[in-house]
Amino acid sequence: MPTAMLVVTAMLSSLLVMASGEPIVIAGKPLSEWDMLDVDMSAGSDGCECLTDVRALLAQTAPQLFHLLRRHGFSERGERRVVVAPTRAIELQPLLQDLLLERHYAVQWQQPIGEGSFGAVFRADDRLTGRPAAIKRTKLEVAGEGEGIPASSIREVAALKATAHPNVVQLLDVICEHGGMDLVLEYLPANLAQHMKRHRFVLEPQAVCSLQQQLLKGLAFCHICSILHRDLKPANLLIQDARPGGHGNLKIADFGLARMTSFGKPRYTPGMVTAWYRPPEIFFGGKYSSPVDVWSAACIFGEMVRGLPLFHGKSDIEVIFSIFRKLGAPRSVVFPQAAFPDFKPSFPQFQRRSWEDICGPDAELGPEGVQLLEDMLQYDPSMRISAKGALGSAYFAGAAAQ
């Protein structure tokens, strides 16, 4: 049997036995052992191996197979949708990962709902229950930088398994075979950045209060479980059941940079946390722990209040100066050179501004909200309020919560 025919026969066979889950054996060899097959270039008038019409068979099994074929280099020709094999080597491992996933989930491969250095996220539906899901497909390590599943994905799975909470995204399944890893997560239609944009960056004070409280609840639970998120930002907070005024249910997501903190306080990687939400202790090269997440949560709080990022800049030094311009320059005693080698006593001595000036007169923070921001944005990490402590703020029982 020509190699290209062998590949597509394997794919069709796999779809036909999806329900039973029986292993597929071709030419006496389990399909899982095929690593790469070379297309037979000798047959076919145009140098490709053309497969006769399989449309009827596909209609009886899985029409989405055409999408999988296209994803892996196949094409269709003519009115009868003849499937044409690619003129290159066919890597079976990624194809097998797709087939394994498609057994349980109908994946919308055409358009990712999210992309990043980690890989891509796709919308899917559980074939059994119809429940929507988000498939986070992890990029494998490239040659020269280690092989296999990235450590960040393994940490993300460990963190999500340890954090079953209403304000943390739920991990539904992990599919890890054929050299790849897919995380199956509950699907939420938007992140906080998109949610704010849809409301023209103006959220009702009650909505801000509710969303901030949900963020702190989820964060406090993570810290109780000794999990440091290290990448809190609006894009990593998901929103469901959006309602008028900016209300909605918030869940913390994207634990790819998360670390367990139950083993002391090692010197973690200094470049973590997106710059606009990064606390001074990371900028200045010091050790850090859970207070970094509290600072990030405060930046998100300020962003929801004012409709703009609280501290922003095109470079690290611009972000540092943005912090100083609003909160005032810290004293050297807060960041001693021995513990924070990148802090410079020669930094400009900016004066502190009022929160009314920073957020605008229409922010409706109130004294309780101002105090909460103050407590969460303490320069000294040891003086910064914890997520659990922040939940006890009068802000969440005041006018903003009504």
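Quick grid of which residues meet (1) surrounded by fewer than 23 Cβ atoms within 10 Å (Cβ to Cβ); (2) in contact with a helix residue (DSSP H, G or I) (Cβ under 7 Å, 6 or more places away or on another chain); (3) more than 28 Å from residue 226 (Cα to Cα):
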site	(1), (2), (3)
281	no, yes, no
286	yes, no, no
289	yes, no, no
292	no, yes, no
296	no, yes, no
301	no, yes, no
306	yes, yes, yes
311	no, yes, no
319	yes, yes, yes
(request) Output the number of the condition that residue 360 fails; it satisfies all remaining conditions of (1) under 17 Å from residue 206 (Cα atoms); (2) touching a residue at least 40 places away in the same chain (Cβ under 8 Å). (result) (1)
(message) Need a quick list: strands (runs of 3 or more DSSP E) entirely within segment 86-137 having at least 2 residues that are at pLDDT 85 or above and surrounded by 15 or more Cβ atoms within 10 Å (Cβ to Cβ).
(response) 105-107, 119-126
(request) Could you grab me the full set of residues in segment 234-245 that are surrounded by fewer than 24 Cβ atoms within 10 Å (Cβ to Cβ), closer than 20 Å to residue 209 by Cβ and either in contact (Cβ under 8 Å) with a residue 60 or more places away in the chain or not hydrophobic (A, V, I, L, M, F, W, C) (or both)? (result) 234, 240, 241, 243, 244, 245
(request) Confirm whether residue 364 is modelled with pLDDT under 90 and either in a helix (DSSP H, G or I) or surrounded by 15 or more Cβ atoms within 10 Å (Cβ to Cβ) (or both). (result) yes
(request) Kindly indicate which of 180, 245, 218 is farther than 17 Å from residue 113 by Cβ, over 12 Å from the mean Cα position of the chain (by Cα) and either assigned to a loop (DSSP other than H, G, I, E, B) or not assigned by TED's automatic domain parsing to the domain that holds residue 387 (or both). (result) 180
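Matching residues to (1) in a loop (DSSP other than H, G, I, E, B); (2) out of contact with any Cys (no Cβ under 7 Å at 6 or more places or on another chain):
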{"residue": "300", "(1), (2)": "no, yes"}
{"residue": "305", "(1), (2)": "no, no"}
{"residue": "326", "(1), (2)": "no, yes"}
{"residue": "332", "(1), (2)": "yes, yes"}
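The values are calculated or read from the model by the stated rules, or taken from the named source; none is laboratory data. Computed from a predicted structure; not experimentally measured. In this analysis, Cβ positions are derived from the backbone assuming ideal geometry, glycine residues included, and neighbour counts consider all displayed protein chains.
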